[in-house]
Amino acid sequence: MRAAGKVIITTAVTGSVHVPSQSPYLPLSAEQVAEAALEAVEAGSAVVHLHARQPDGRPTFEPEVFERIVESITARTDAVINITTGGSPAMTMEQRLAAAVRLRPELASMNMGSMNFVYAGMADRVTDWKHDWERPHVLKSYSRPFINTFETIEHALRTLGESGTRFEYECYDIGHLYSLAHFAERGLAKPPLLIQGVFGVLGGIGADHENLDHMVRVADKLFGDDYSFSAFAAGRDQMRFATHSALLGGHVRVGLEDSLWIGRGRLAESNAQQVRKVRSLVEDLDLPIATPADARATLALRGVTDIDRSTVS
């Protein structure tokens with residue numbers, strides 16, 4: 001991998017997995033998501049990874065909601081915007097791509113394969129549901145796979161790549177690295193690649209530190225120095241895996257999409273609180289933190305252009 005001269009902190013602000021009944025601190029409305037992203041940037045995050053929700057917390061794909069979020073962020077910061085193409089398993093691929101097609105971000109996430117993405121166990125830990133949509137949303141993950149076929153991945157790479165969007169390739173298992181290699185060999189995934197190793201999701205690779213080492217070894221074999229690596233683990237292992245990734249020469253990701261916690265039994269009160277904690281961990285390793293400009297240089301992003309501004313004006 002390309003060793004990180006400066007460590008890029010990505011913040012995944014809200015996601016589509018966690019539900020309001022789990023935490024009062026989860027950003028829901030467009031205004032809350034934008035404000036949470038801005039606080040994370042102020043705390044040291046160079047990249048903000050964005051999902052959108054309706055005011056009651058239900059995941060949404062509507063480009064107009066993303067537009068309000070992005071407009072608020074870009075008006076006050078130069079952070080790199082990373083828009084999800086994952087959305088939620090309940091959305092069609094067309095719906096999942098809609099916001100990124102409209103807004104043409106510098107980065108978009110790209111899940112590298114179909115998988116069981118199971119979070120139904122959350123239902124056992126919630127005793128008081130705030131909204132009637134939440135429990136079915138969680139339980140359906142046990143019976144509904146998350147579909148990312150090679151056809152839909154290729155469609156997304158071609159569609160978004162035409163506007164200069166680059167990708168955060170989310171790899172939930174070793175096989176996803178080989179899928180990425182297939183698209184790189186065909187010239188559809190262009191280096192330098194940003195590989196986001198995802199650990200601890202039921203249905204994907206477990207949150208075992210040996211698995212993180214193994215994923216990097218395989219990625220080194222497949223891509224040499226043509227990639228940068230970042231990693232996160234869902235839930236309680238979030239900070240341990242961030243530290244491990246930084247020690248390996250990689251980047252880190254935190255945020256309430258991935259974990260609602262700041263410590264054992266303590267809910268994080270904001271995304272910024274997690275950013276401050278991981279920043280402290282990284283700096284204690286004598287590693288510098290990347291600015292948005294540093295992140296753009298490392299990831300070969302196009303930068304903000306007049307065209308980008310016109311999409312949210």
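The values are calculated or read from the model by the stated rules, or taken from the named source; none is laboratory data. Since the structure is predicted, the reported quantities are computational estimates derived from the model, not experimental observations. No Cβ is skipped: glycine too gets one built from the backbone with ideal geometry, and neighbour counts run over all protein chains shown. Note: accessible area is taken over every heavy atom of the protein model, side chains too, but ligands, DNA and RNA are not part of it. Shrake-Rupley method; radii C 1.70, N 1.55, O 1.52, S 1.80 Å.
Residues that are in contact (Cβ under 8 Å) with a residue 40 or more places away in the chain and assigned to a loop (DSSP other than H, G, I, E, B) do occur in the stretch 168-183. Taking the stretch 1-28 as the range and being part of a loop (DSSP other than H, G, I, E, B) and in contact with a helix residue (DSSP H, G or I) (Cβ under 7 Å, 6 or more places away or on another chain) as the test, the residues that pass are Met1, Lys6, Ile8, Val13, Thr14, Val19, Leu26, Pro27, Leu28.
Exactly one of these conditions fails for Leu256: (1) in contact with a Phe, Trp or Tyr (Cβ under 9 Å, 6 or more places away or on another chain); (2) part of a helix (DSSP H, G or I). Give me its number. So the condition that Leu256 fails would be (2). For the stretch 281-295, a residue qualifies if it is among the acidic types (Asp, Glu) and surrounded by fewer than 17 Cβ atoms within 10 Å (Cβ to Cβ), and the qualifying residues are Glu283, Asp284, Asp286.
Please work out if His131 is within 19 Å of Thr60 (Cα to Cα), at pLDDT 95 or above and open to solvent by less than 30 Å² (accessible area, probe 1.4 Å). Taking the combined requirement at face value, the residue does not satisfy it. For residues in the stretch 235-253 being among the small types (Gly, Ala, Ser) and in a helix (DSSP H, G or I), which is most open to solvent (accessible area, probe 1.4 Å)? Ranking the candidates gives Gly235 first. Of the residues making up the stretch 211-260, those that are basic (Lys, Arg), free of Cβ contacts under 8 Å to residues at least 60 places away in the same chain and closer than 30 Å to Arg53 by Cβ are Arg236, Arg240.
Of all residue pairs spaced 6 or more apart or on separate chains, those with beta-carbon atoms under 9 Å, a first member in the stretch 17-46 that is among the acidic types (Asp, Glu) and a second member that is assigned to a helix (DSSP H, G or I) and open to solvent by less than 30 Å² (accessible area, probe 1.4 Å) are Glu31/Ile69; Glu39/Asn271; Glu39/Ala272; Glu39/Val275; Glu42/Ala272; Glu42/Val275. Within the stretch 71-83, the set of residues being within 18 Å of Glu257 (Cα to Cα) and open to solvent by 10 Å² or more (accessible area, probe 1.4 Å) comprises Ile81 only. For the stretch 188-215, the set of residues classified as open to solvent by 10 Å² or more (accessible area, probe 1.4 Å), farther than 21 Å from Gly263 by Cβ and assigned to a helix (DSSP H, G or I) consists of Glu210, Asn211, Asp213, His214, listed by residue number.
Name the residues in the stretch 220-232 that are under 17 Å from Ser109 (Cβ atoms), out of contact with any Pro (no Cβ under 7 Å at 6 or more places or on another chain) and among the small types (Gly, Ala, Ser), would you? The answer is Ser230, Ala231.
Filtering the stretch 259-280 to residues that are open to solvent by 60 Å² or more (accessible area, probe 1.4 Å) and either among the aromatic types (Phe, Trp, Tyr) or not in a loop (DSSP other than H, G, I, E, B) (or both) leaves Trp261, Arg266, Arg276, Lys277, Arg279. In this structure, does Val138 turn out to be in contact with a helix residue (DSSP H, G or I) (Cβ under 9 Å, 6 or more places away or on another chain), surrounded by fewer than 21 Cβ atoms within 10 Å (Cβ to Cβ) and in contact (Cβ under 8 Å) with a residue 40 or more places away in the chain? Taking the combined requirement at face value, the residue does not satisfy it. Counting only residues that are over 25 Å from Pro192 (Cα atoms) and in contact (Cβ under 8 Å) with a residue 12 or more places away in the chain, the stretch 99-124 holds 9 of them. Just one residue in the set Ala34, Ala52, Ala4, Ala12 is surrounded by 20 or more Cβ atoms within 10 Å (Cβ to Cβ) and over 18 Å from the mean Cα position of the chain (by Cα); that residue is Ala4.
Yes or no: Pro89 at pLDDT below 95 and either under 30 Å from Ala219 (Cα atoms) or part of a strand (DSSP E or B) (or both)? Against the criterion (at pLDDT below 95 and either under 30 Å from Ala219 (Cα atoms) or part of a strand (DSSP E or B) (or both)), Pro89 qualifies.
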